Amino acid sequence: MYALHDYPEVPADWTNEFLKEAFRKREKQTSILIYVENQTINEEAVNHLIENIPKMDQSNLHLAVKLFDHLSPELALTYRNQLEGYIDKALWSLYEQIVNGTEKEVMILYRKTIQDLDRVNTFQHDLYIQAKKLASSLVQRGWITKTDIDRTMKKESNEKWFSFEGILTVYMIGLLKLDTYIPLLAGLLDRDDDLLLEEVSVALIGFQSDEVVKVVEPFLKKQDSIIYATSVVENIKTDFAVQVLINAYQVTEEIEDQDLLIEALCHQLSMEALPTIREHMKKEYTSSLVEMEQAVYSYYRILGEDHPELDVWRRAALEMGLVEFQDAVTNVNGNKVGRNDPCPCGSGKKYKKCCGK
């Protein structure tokens with residue numbers, strides 16, 4: 001689940017099985033509920049949550065309830081009676097407007113939400129999610145055209161900083177799978193704007209294309225873009241992506257960057273990466289940027305490969321609380337925050353791409 005956290009093509013049936021396992025085995029519940037958040041929550045999954053949330057331990061309740069934020073407005077309204085106590089009252093009005101509103105009404109609300117985001121002094125994650133739901137609705141109904149996208153991106157690309165309208169347009173490019181924008185999106189990877197970079201990464205990953213890997217490859221070799229570039233390539237599960245990561249590793253000298261690339265290779269779950277990973281683990285030290293023992297231990301176990309250091313890596317991971325995840329990160333309790341967990345600052349981004357940079 002850790003390796004597939006940002007991969008967009010995990011079958012919905014897997015999500016249902018993950019949730020069943022989470023409610024069957026309490027020791028797995030925390031890690032499953034955290035790492036399933038980006039996967040498809042369909043009608044069957046909603047029913048699993050509705051049935052089991054009332055029986056849950058309070059310590060993990062917030063993780064399960066948070067999954068309802070990812071429902072489509074249509075699905076949420078279908079189960080409104082059962083979900084009233086879990087979804088904020090203000091959202092129901094938004095969902096009604098998204099589902100039943102006219103093109104003009106939804107567009108006006110979308111523009112107003114963008115204005116509200118621009119007006120506040122600090123980033124409002126909940127408001128931004130509302131804007132994304134409105135943007136998604138505009139795309140699904142065909143109320144945003146490629147001409148609209150072209151106009152906005154032409155204006156935004158010439159600015160030093162993307163506005164919220166520009167960032168949401170990047171999100172819509174990903175939804176529409178406009179592959180003509182792949183080079184332009186890749187060219188944004190060295191921008192200094194984490195919210196923009198998150199949407200650029202998601203959009204590029206969504207193409208699941210070797211064309212993306214090809215244009216992102218140069219950014220794997222730049223200090224100011226390697227984190228997001230690596231995130232993109234590690235989540236495009238192709239042989240070419242594996243080879244590009246290996247090539248980037250071979251020309252990279254900084255240990256921190258090498259660790260990022262090795263973790264990405266571990267997440268590819270490819271036998272082709274095994275010699276490179278094996279050689280990297282002969283180094284005397286690694287950086288603090290990656291929980292390397294967890295990554296390589298998981299990689300070897302999933303592929304069924306043996307290694308003389310396997311037990312050592314397992315013990316190291318256990319000591320860090322990374323294999324037994326219930327002893328690791330729970331942001332509400334103020335314990336250690338993992339690199340891929342939601343940042344406790346409330347930004348909505350992963351810790352490694354926010355306060356953990």
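The values are calculated or read from the model by the stated rules, or taken from the named source; none is laboratory data. If you're wondering where the values come from, they're calculated on a predicted model, not measured in any experiment. Note that we place each Cβ from the backbone using ideal geometry, even for glycine, and neighbour counts take in every protein chain shown. What goes into the accessible areas is simple: the full protein's heavy atoms, side chains included, and nothing from ligands, DNA or RNA. Shrake-Rupley method; radii C 1.70, N 1.55, O 1.52, S 1.80 Å.
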- When the accessible area of the stretch 7-92 is split by element with a 1.4 Å probe, what percent falls to carbon and sulfur? 48
- Quick one: putting +1 on the C-beta of Lys and Arg, -1 on the C-beta of Asp and Glu, what dipole do you get for the stretch 1-150 around its Cα centre, in Debye to the nearest 20? 240
- Scoring the stretch 177-329 by relative contact order with C-alpha pairs under 8 Å, at least six apart, yields a percentage of 15
- Looking at I108, H307, F162, which one has the Cα that reaches farthest to the positive end of the dipole of the chain (charges on Cβ: Lys, Arg +1; Asp, Glu -1)? I108
- Task: Please give the direction-averaged projected area of the C-alpha convex hull for the stretch 171-223, in square nanometres with one decimal.
- Result: 3.3
- Message: Sort 159-168, 126-135, 144-153, 230-239 by the packing proxy (mean of other Cβ within 10 Å over each peptide's residues), most packed first.
- Response: 230-239, 126-135, 159-168, 144-153
- Just the Kirkwood number for the stretch 3-143, please: inverse of mean 1/r across all distinct Cα pairs, in Å, one decimal. 16.4
- Note on the structure: Dividing the mean separation of Cα pairs under 8 Å (6+ apart) by the residue count of the stretch 116-174 yields a relative contact order in percent of 37
- Message: A 29 angstrom limit on the alpha carbon distance is what I want to check against. Which of K66/K155; K133/K222; K104/K146; K146/K222; K112/K214; K20/K237 exceed it?
- Response: K66/K155; K133/K222; K146/K222; K112/K214
- Task: Express in nm, to one decimal, how much length is gained between D224 and E21 on full extension, taking 0.36 nm for each residue of separation and deducting their alpha carbon distance.
- Result: 69.1 nm
- Roughly how many debye, to the nearest 20, is the charge dipole of the stretch 159-220 about its Cα centre, given +1 on each Lys and Arg Cβ, -1 on each Asp and Glu Cβ, and no other charges? 160
- Spelling it out for S72: with amide H atoms placed in the peptide plane at 1.01 Å from N, the residues 5 or more places away or on another chain with amide H under 5 Å from its amide H are none
- Item | Cβ-defined net charge surrounding K155, 14 Å radius [Lys, Arg +1; Asp, Glu -1] | -2
- Task: Count charges around I87 for me, please; just the other residues with Cβ under 14 Å from its Cβ, Lys/Arg as +1, Asp/Glu as -1.
- Result: -2
- Selection from Y35, P73, W92, by position along the positive dipole direction of the chain (Cβ): W92
- the chain: Kirkwood hydrodynamic radius (Cα pairs, Å) comes out at 21.7
- Residues other than Q140 with Cβ under 14 Å of its Cβ, Lys/Arg counted +1 and Asp/Glu -1, net out at +2
- Query: In debye, nearest 20: dipole of the chain around its Cα centre with unit charges on the Cβ of K, R (+) and D, E (-)?
  - Reply: 840
